[in-house]
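*Asks:* What follows is a single structure, and I will ask about it in a moment.
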Amino acid sequence: MNYGSSVTLPLRLWFGAEVFFGLAAILSITIAPQDTASNFAWTIKPTVTAAILGAFYASVAPIFVLAMVARRWEMVRVIIWPAIVFTSIELAATWIHWDKFRVESDSFALWYASYLLPPPIFLALFFYQVRRQVSLPALEPIAKPMRIALCALGCLFTIEGLYSFVRPEHFTANHAFDVTALTARATAGWIVALGLMMVSMAWEGAHERVRIGLPFLILPLPLLLVQMSRFADEVDWSHPRLIAALVMFAATSLLGLWLARGNWRTSLS
């Protein structure tokens, strides 16, 4: 399909860099969250909180792989601002808790590069692409009720994440497992990213323009359950906040599955 403006080579190459950063995180914190003392930028305790961060990394990995092969800017635009805000939050958390990191390690160098570089690079590439884009109508418009649902749930996640970042004690004081302030802020970044992804999808308003971001809506719930079950003895499964969070992630997964219907070729060609 020849419609819209193409993804420029610099942006495609940067998506490749993001795949590299994501793969490095998955090979460490997702697969072996119990070994963060040696394989990650900082030692994360309890282990279940490292496993939870690993679930989020795994849930976004397919997005950048899909973005690398997508041909049209309109089909990848949905992920740009969530990526800019997310990486900025993680960078801010790094600066706030600098003393908690193993700053002399290779793992920290990789972590720091993965959050220091993306905000300015994504921002510059966004405006470069905007100057080249063509205004075209949506092929598969999203129904208004679904756009409202995306926006409402996205705003809830975004507000919750921002509040938890500013006041990490909101996250650490009463939860289903122990959480440090650093891990709370790192997790808050993911919550904000998820919320902004849904708001961005509502803004785009077309199925073909949001499909690339859908793994981030669909995968967190099953991956979080798998990761938490690996360290089930560290989790209070009856805690009200955990139950409420799982309900919200279930709603997000259902939205993602509904949006995933249709012809994916229109999102990649």
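Nothing in this text is a laboratory measurement; each read-out follows from the coordinates by a stated rule. From a predicted model like this one, the values you see are computed outputs, not experimental measurements. Ideal geometry is used to build each Cβ from the backbone, glycine not excepted, and the neighbour counts take in all protein chains shown.
*Asks:* What is the packing order of peptides 254-260, 42-48, 58-64, 192-198, taking the mean over residues of other C-beta atoms within 10 Å and listing the highest first?
*Replies:* 192-198, 58-64, 42-48, 254-260
*Asks:* How do R185, R102 line up, fewest other C-beta atoms within 10 Å first?
*Replies:* Neighbour counts put them in this order, fewest first: R102, R185.
*Asks:* Still on this structure: Quick query: amide H of R72 versus all other amide H atoms, modeled in the peptide plane; which residues come in under 5 Å with a sequence gap of 5 or more or a different chain?
*Replies:* Here the answer is V7, since their amide H atoms fall under 5 Å of that of R72.
*Asks:* Counting only helical runs of four or more DSSP H residues, what would the 222 nm mean residue ellipticity of the chain come to if each run contributes -39,500 (n - 2.57) and the total is spread over all its residues?
*Replies:* Dividing the helical sum by the residues of the chain leaves -21500 deg cm²/dmol.
*Asks:* Where does each of 222-229, 125-132 land if you order them by average Cβ count within 10 Å, highest first?
*Replies:* So the peptides 222-229, 125-132, ranked by packing, come out 222-229, 125-132.
*Asks:* Can you work out D for the chain in µm² s⁻¹ from Stokes-Einstein, where Rh is the Kirkwood radius over C-alpha pairs, the temperature is 37 °C and the viscosity is 0.692 mPa s?
*Replies:* Translational D for this selection: 174 µm²/s.
*Asks:* Taking 22 Å as R0, compute the FRET efficiency from the Cβ-Cβ separation of L110 and R167 and round it to 0.05.
*Replies:* 0.15
*Asks:* Which residues among the range 183-204 fall inside the zone where the amide N is under 16 Å from a point 7 Å beyond the Cα of I96, along Cα→Cβ?
*Replies:* From the range 183-204, the list is 183-193.
*Asks:* Right, another one. At 0.692 mPa s and 37 °C, plugging the Kirkwood radius over alpha-carbon pairs of the range 172-269 into Stokes-Einstein gives what diffusion coefficient in µm²/s?
*Replies:* Rounded to a whole number, D works out at 220 µm²/s.
*Asks:* Quote the relative contact order of the range 9-268 in percent (integer), defining contacts as alpha-carbon pairs under 8 Å separated by 6+ residues.
*Replies:* For the range 9-268, the relative contact order is 27 percent.
*Asks:* Now, a different point. From Cα pairs below 8 angstrom and at least 6 apart in sequence, can you work out the relative contact order of the range 151-269, rounded to a whole percent?
*Replies:* Rounded, it is 30 percent for the range 151-269.
*Asks:* Charges on Cβ only, +1 for Lys and Arg, -1 for Asp and Glu, centred on the Cα centroid of the chain; of A109, T158, W73, which one is farthest towards the dipole's positive end?
*Replies:* Toward the positive end, the furthest listed residue is W73.
*Asks:* Hey, what do the phi angles of the range 30-38 turn into as Karplus ³J(HN,Hα) couplings, whole Hz, using 6.51/-1.76/1.60 and θ = phi - 60°, x for Gly and Pro?
*Replies:* 7, 7, 10, x, 6, 10, 5, 5, 10
*Asks:* Count charges around H170 for me, please; just the other residues with Cβ under 14 Å from its Cβ, Lys/Arg as +1, Asp/Glu as -1.
*Replies:* For residues surrounding H170, the net value is +1.
*Asks:* Here's a follow-up. Which cross-chain or sequence-distant (5 or more) residues have an amide H under 5 Å from the amide H of A206, H modelled 1.01 Å from N in plane?
*Replies:* Long-range HN contacts for A206: I142.
*Asks:* Which of rounded, prolate, oblate describes the range 13-134, given a ≥ b ≥ c as roots of the alpha-carbon gyration tensor eigenvalues and a/c under 1.5 marking rounded, otherwise prolate only if a/b is larger than b/c?
*Replies:* Prolate is the answer for the range 13-134, as a/c is 1.5 or above and a/b outweighs b/c.
*Asks:* Between 0 and 90 degrees, rounded to the nearest ten: what's the tilt of helix 118-132 against the longest Cα principal axis of the chain?
*Replies:* 10 degrees
*Asks:* Something else: Beta carbons within 10 angstrom, averaged per residue: use that to sort the peptides 112-118, 27-33, highest first.
*Replies:* Those peptides, ordered most packed to least, come out 27-33, 112-118.
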